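S.K.: Have a look at this one.
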Number of protein chains: 2
Amino acid sequence: MDERVPRDFETLRSTILDRRESLPKRIAQIAAYALDNPDDIAFGTAASIAASAGVQPSTLIRFAQQLGFDGFTSLQQVFRERLRERNSSYDERLQALRAKAEGGAGHRAIFDGFVAAASTSLNDISRTLDDAHLEEAISLLAKAQTIYVLAKRRSYPVATYIAYALGKLKIRNQLIESAAGLNAEMVAFATPADAVIAISFSPYAPATIEEARTISEQGVPIVAITDSSFSPLAQFARVWFEVAEADFAGFRSLSATMALAMALTVGVGEKRRDASRKRKA
Amino acid sequence: MDERVPRDFETLRSTILDRRESLPKRIAQIAAYALDNPDDIAFGTAASIAASAGVQPSTLIRFAQQLGFDGFTSLQQVFRERLRERNSSYDERLQALRAKAEGGAGHRAIFDGFVAAASTSLNDISRTLDDAHLEEAISLLAKAQTIYVLAKRRSYPVATYIAYALGKLKIRNQLIESAAGLNAEMVAFATPADAVIAISFSPYAPATIEEARTISEQGVPIVAITDSSFSPLAQFARVWFEVAEADFAGFRSLSATMALAMALTVGVGEKRRDASRKRKA
DNA sequence: GGCAATATGAAATAATAATTCCAATCCATA
DNA sequence: TATGGATTGGAATTATTATTTCATATTGCC
């Protein structure tokens, strides 16, 4: 009796694709419709779906039965479950994946974990980001002669991406690197007409904090990306963003920070373009 | 007659929260349940929801009516619409956001765009990543004496993150940087007992390609992350991953690449730990 | 504490939706 | 082209589900 009924959407999908060739015309029609409009199947009634797909309700039921379900209703469950899954709080998924990875569930689980951590962080930041802060930060940076970019260690990749993007947008910028130990000198060049993007997360790299302090004492405005209001960076900053990145296997995601960094960068680019257009006009 | 019925979930949510104080006990109970378990409202029947929330079906309907709906069914629509929205293919959202940003819709739209691009990319890669490739790449890298990390320009941030993570995991690695123009010499040190992670996307940085070629001619195995099978990197690589990153405002996301990079790094770390444990036993 | 207004529970009813059934049609094969 | 089997359409039937109703309980107010 066990006809191996597909219980999850992906299985169902591949079952349908496998059999596609051998299905009768109308059944194939509803099959195609189902894969193209899974949401409609999840929410519609047999009658409404059948109408949209251009078949009779009975065909829809036959389709379900041919797949081994005992009726439309149980087929629909699979489509609903899919929406639930997709939507199930990433937090929960992340927990589950962490447990799985702990148990040594293989490398795919690790990968899934990083994807989930990134997604969680992105969700989080789009909920919590304050538009006013974003505007403020962009205005501040757009006025700067040179934008200094300050970040070490884990945040360093973000700094390099900002520097790359600013360069592509032809915005003068300076990455504060430690290669030659000339940071102090580099920092000394900054004036109140410039601005800084500083990024640091707990445990805050002491060098970043020190440089941020020095530079803020020179009167250079700082836009900070950090992880809590207790962050030492927050106190030096003119504008600061709190970004909570989820972690997995001991490494925090960077996806939210990256998204914010890009928004700042491109935002500055646009603002400058607008400003120069006005000046010309 | 227009009672200003909440038409979208967020409006509904705030309406409920506003009135919370003034609602009768049972109605408040179902109200709280609805906000806590929106998915159940979307999918359940009046009876099943009422049971889960510990009230009568009629209460559920009264709740809906008090909010201005004419019955449970229309209230449910809002909860369903929410799932649809949330789930509406990120691609579509991205399109919409791109159009919005083009039209000069402000900096929030830009930010949302980068978030959407990152999410799309993550979705994409979790669908397309091949487990076998992942295993293969990790085994290959785990055997290496030194892991060389090769990436420029846009991919460079990923390289710095990999280097940072490998360092934290105490895995010997060498970032191939161009600072002193010593890349050629650095590359010359690599032997077949080492391995390379190379990352490059179109337009492929010529230096990356050249270095990859040289190093592969020395017999050093390469794991490549790139964006198509036509990529020149693919031909030098022992294992390669195709990562399709969505772009926004002219900049591609890095989120999928980052997730993959982290999975490789941490995967290698685990594999080594397992191997050394076995050796000891 | 008594009264009216409001809220709640439970079952009856109405509505809506899924499923079944049968006749008509299509299609492959001899 | 005739014939049997599979497929389809459409209406009838059955099932499920939302809604209404009314009796009962609770609450606030004088």
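The values are calculated or read from the model by the stated rules, or taken from the named source; none is laboratory data. A quick note: this is a predicted structure, and the numbers were derived from the prediction, not measured. In this analysis, Cβ positions are derived from the backbone assuming ideal geometry, glycine residues included, and neighbour counts consider all displayed protein chains. Quick note on the areas: whole protein, heavy atoms, side chains included, nothing else; ligands and nucleic acids left out. Shrake-Rupley method; radii C 1.70, N 1.55, O 1.52, S 1.80 Å.
S.K.: Distances from A:Q95 to the same residue in each other copy, label points 7 Å out along Cα→Cβ, in nm, shortest first?
M.R.: When each copy's label point is compared with this one, the spacings are 3.7 nm.
S.K.: For region B:145-245, which chymotrypsin sites (Phe, Trp or Tyr not before Pro) are in a loop by DSSP, counting at most 13 other Cβ atoms within 10 Å?
M.R.: In loop regions of region B:145-245 (DSSP not H, G, I, E or B), the sparsely surrounded chymotrypsin sites (Phe, Trp or Tyr not before Pro) are B:F189, B:F230.
S.K.: Could you tally the net charge around A:E245, taking each other residue with its Cβ under 9 Å from the Cβ of A:E245, Lys/Arg +1 and Asp/Glu -1?
M.R.: -2
S.K.: Could you report the accessible area of A:V268 in Å², rounded to 10, computed with a 1.4 Å probe on the protein chains as they sit in the structure?
M.R.: Rounded to the nearest 10, that gives 0 Å².
S.K.: Residues with beta-carbon under 13 Å from that of A:A96, excluding A:A96: net charge, scoring Lys, Arg +1 and Asp, Glu -1?
M.R.: Surrounding charge for A:A96 is -2.
S.K.: Further question: Using just the helices of the protein assembly as shown, give the 222 nm mean residue ellipticity in deg cm²/dmol: DSSP H runs with n ≥ 4 each add -39,500 (n - 2.57), and the total is spread over all residues, rounded to 500.
M.R.: The helix-only estimate for the protein assembly as shown comes to -19000 deg cm²/dmol at 222 nm.
S.K.: Compute the distribution of all C-alpha to C-alpha distances in chain B, in bins of 5 Å from 0, and list the percent of pairs in each, rounded to whole numbers.
M.R.: Answer for chain B: a P(r) of 1, 5, 10, 12, 11, 9, 8, 8, 7, 7, 6, 6, 5, 3, 1, 0, 0 percent.
S.K.: Within a 10 angstrom radius of each residue's Cβ in A:165-171, how many Cβ atoms of other chains show up on average? Whole number is fine.
M.R.: Averaged over the peptide's residues, the number is 2.
S.K.: Taking 41 Å as R0, compute the FRET efficiency from the Cβ-Cβ separation of B:D8 and B:E136 and round it to 0.05.
M.R.: Efficiency computed from Cβ-Cβ geometry: 0.30.
S.K.: With every protein chain present, what accessible area does B:I30 have (1.4 Å probe, heavy atoms only), rounded to the nearest 10 Å²?
M.R.: 0 Å²
S.K.: Does region A:123-169 come out rounded, prolate or oblate by the C-alpha gyration tensor, with a ≥ b ≥ c the root eigenvalues, rounded set by a/c under 1.5 and, if not, prolate when a/b is larger than b/c and oblate if not?
M.R.: oblate
S.K.: How far apart are the A:T45 label points across copies, placing each 7 Å from Cα toward Cβ, in nm, shortest first?
M.R.: Distances between equivalent label points, in nm: 1.4.
S.K.: Give the separation of the Cα centroids, region B:26-92 to region A:234-269, in Å.
M.R.: Value for the Cα centre distance between the two parts: 35 Å.
S.K.: Suppose you put the label 7 Å out from Cα in the Cβ direction; list, shortest first and in nm with one decimal, how far B:E21 is from each other copy's label.
M.R.: 6.9
S.K.: So, one more: Ignore the peptide's own chain and count Cβ atoms of other chains within 10 Å of each Cβ in A:112-122; give me the average, rounded.
M.R.: Rounded to a whole number, the mean comes out at 6.
S.K.: Using a 1.4 angstrom probe on the protein heavy atoms only, could you order B:K100, A:K25, A:K271, B:K170 from most to least accessible area?
M.R.: B:K170, A:K25, B:K100, A:K271
S.K.: Report the net charge of residues surrounding A:F72, where surrounding means a beta-carbon distance below 14 angstrom and charges are Lys +1, Arg +1, Asp -1, Glu -1.
M.R.: Its environment carries a net charge of 0.
S.K.: Mean projection of the alpha-carbon convex hull of region A:1-155 over all orientations, in nm²?
M.R.: Mean orientational projected area (region A:1-155, Cα hull): 15.6 nm².
S.K.: Still on this model: Rounded, prolate or oblate: which fits region A:223-281, taking a ≥ b ≥ c as square roots of the Cα gyration tensor eigenvalues, rounded meaning a/c under 1.5, else prolate when a/b beats b/c?
M.R.: oblate
S.K.: Also, I was wondering about something else. Sorted by packing (mean other beta-carbon atoms within 10 Å per residue), highest first, where do A:7-17, A:130-140 land?
M.R.: Order by mean packing, descending: A:130-140, A:7-17.
S.K.: Under 1.5 on a/c is rounded, so check that first for the protein assembly as shown, then, if it is not, pick prolate when a/b is larger than b/c and oblate when it is not; a ≥ b ≥ c are the square roots of the alpha carbon gyration tensor eigenvalues.
M.R.: oblate
S.K.: Additional query: Would you mind giving the mean number of other chain beta-carbons within 10 Å of the Cβ of each residue in B:249-256, as a whole number?
M.R.: 6
S.K.: Related question: Given the whole protein assembly as supplied and a 1.4 Å probe, what does the accessible area of B:T226 come to in Å², nearest 10?
M.R.: Accessible area, nearest 10 Å²: 0 Å².
S.K.: Here is a follow-up. Which residues' amide hydrogens lie under 5 Å from the amide hydrogen of A:I225, considering only partners 5 or more residues apart or on another chain, with H built in the peptide plane?
M.R.: Correct list: A:A198, A:I199, A:S200, A:F241.
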